[in-house]
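For reference, the structure discussed in these notes is given below.
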Amino acid sequence: MKTNIGVFFGGRSTEHEISVISASQAMHAINRDKYDVTPIYISKQGKWYTGDALFDVANYRDINSLLAKCQEVYMRPIYDDYNLYKTKKPLFGTDVLTRLDVVIPVLHGSNVEDGIFEGVLQTIGIPYAGCDVLASANGMDKITMKMILQACDIPVVDYVWFTDKQWFAKRDELIAQIENKLGYPVIVKPANLGSSVGIGCAHNREELIDKVDAAEQYSTRLIVEYMVKDLQEINCSVIGDCNEYRMSVLEQPLTSQDILTYTDKYMGGTKGAKGMAASQKKFPADLPDAETKRIQFLAGETFRALSCHGVSRVDVMIEGKSERDASGCRKIFVNEINTIPGSLSFYLWEGSGLKFDEEMEHLVQLALKRKREQGMKTVSYDQNIFSLGGGIKGGKMGKLGK
């Protein structure tokens with residue numbers, strides 16, 4: 001029997017289509033001589049489907065037609081039950097469609113990459129590749145992430161954060177804080193989205209109000225950041241776990257805008273067919289050796305500080321005209337981490353000597369390793385304190401049933 005890998009993708013996210021592209025690439029890279037692959041597509045309505053038609057990305061042009069060829073499924077939130085069940089139970093026979101052995105989530109954005117889906121997997125107890133609930137949530141939320149990185153002496157740009165309700169309740173006070181601390185121009189972002197969704201640049205107060213009003217449509221938490229001058233964006237992928245990991249070669253995404261946009265990332269000349277792998281870039285990035293090593297170090301430290309797992313991509317910013325320090329580096333800031341990066345950053349790893357099928361193999365082995373290590377930890381006691389009279393006298397509900 002081959003190990004059966006369940007690949008989950010789609011989801012109730014603004015990055016739904018990008019997830020489909022990334023998952024299609026990943027599923028085709030898995031070694032079918034060694035593994036079976038079960039695709040599980042999560043619709044924009046949150047329903048789960050499986051079927052061979054999901055392997056072909058061209059089928060997603062007509063979702064209704066695609067889902068008519070698929071079967072709706074679900075998993076039970078019961079520990080150690082790795083079965084995939086048919087939603088419509090047959091009159092005769094079992095409602096078990098298949099059993100999964102390991103899961104690889106290829107999900108991007110809020111409601112899926114932010115720890116919500118990972119919590120489902122941890123409740124079931126199934127081995128899965130990628131960050132756990134805590135690392136996913138911290139990595140997805142740009143505010144929390146920056147707080148953690150600052151505490152670990154990892155450089156990030158100055159910022160001001162607030163909620164959507166605070167924005168409407170004390171807008172003038174927040175604008176003054178932003179202008180005094182950051183000045184213009186600034187970058188406005190929803191705190192928990194990726195793929196540049198909802199992000200905008202503001203050069204004055206009027207634009208600031210406009211960009212925040214636009215960003216708050218996507219998130220309840222918002223962040224305004226100092227805009228790095230003469231910006232160079234550099235990406236580095238990290239693979240492993242927070243105790244043993246390695247960094248990839250670097251890439252420099254290219255854009256004619258002040259910031260890298262959704263279109264720059266995914267629609268560059270390919271209509272999105274190849275995801276991040278097709279975006280315009282310098283690859284590898286043309287940087288001095290000292291800056292390359294510094295960026296790889298910061299990427300690894302970010303991965304470690306956030307307790308990440310699997311494959312991530314860390315995006316950094318270089319202030320292009322800043323003075324170089326004693327080591328020969330300009331000012332470098334960590335911008336964000338993508339805990340499930342577009343295209344799983346396979347092109348960065350292929351440029352580093354790790355083929356896509358080998359990357360997928362590594363993710364499977366990381367999932368199984370973590371499951372083994374978790375099995376060595378104590379999660380409960382065999383002893384029942386109630387049978388010993390413990391916990392009875394201290395509360396008003398001590399005499400249960402009376």
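Here the dipole of the chain is about 1380 debye; that uses its Cα centre as origin and unit charges on the Cβ of Lys and Arg (positive) and Asp and Glu (negative).
Computed from Cα atoms, the angle from the helix 171-181 axis to the main principal axis of the chain rounds to 60 degrees.
Dividing the convex hull volume of the alpha carbon atoms of region 3-128 by its residue count gives 106 Å³ per residue. Which one, (1) -0.43, -0.54; (2) -0.27, -0.37; (3) -0.23, -0.31, gives log10 I(q)/I(0) by the Debye sum over Cα atoms at q = 0.06, 0.07 Å⁻¹ as derived from the coordinates shown? It is the one labelled (2).
The alpha carbon centroids of region 206-231 and region 1-57 are separated by 33 Å.
Full extension of the chain segment joining V379 with N31 gains 121.8 nm, where the gain is 0.36 nm per residue of separation less the Cα-Cα distance. Looking at region 274-343, which trypsin sites (Lys or Arg not before Pro) are DSSP coil and have at most 13 other C-beta atoms within 10 Å of their C-beta? Answer in residue order: K321, R324.
What you get for region 1-113, charging only the Cβ of Lys and Arg (+1) and of Asp and Glu (-1), is a dipole of about 280 debye around the Cα centre. Sparsely packed loop sites in region 313-370 (the GluC sites (Glu not before Pro) outside DSSP H, G, I, E and B with at most 15 other Cβ atoms within 10 Å) comprise E323. In plain terms, the residue of C70, C131 with the fewest other Cβ atoms within 10 Å comes first and the most crowded comes last, giving C70, C131. Beyond 20 Å in Cα-Cα separation lie the following of the pairs K189/K211; K146/K321; K2/K89: K146/K321; K2/K89. Arranged from fewest to most other beta-carbon atoms within 10 Å of their beta carbon, S343, S327, S312, S307 become S327, S307, S343, S312.
Each reported figure results from applying straightforward, stated rules to the coordinates on display, with no laboratory input. Everything numeric here is computed off the predicted structure, so don't read it as measured data. A quick note on method: Cβ atoms are made from the backbone with ideal geometry, for glycine too, and the neighbour counts reach across all protein chains shown.
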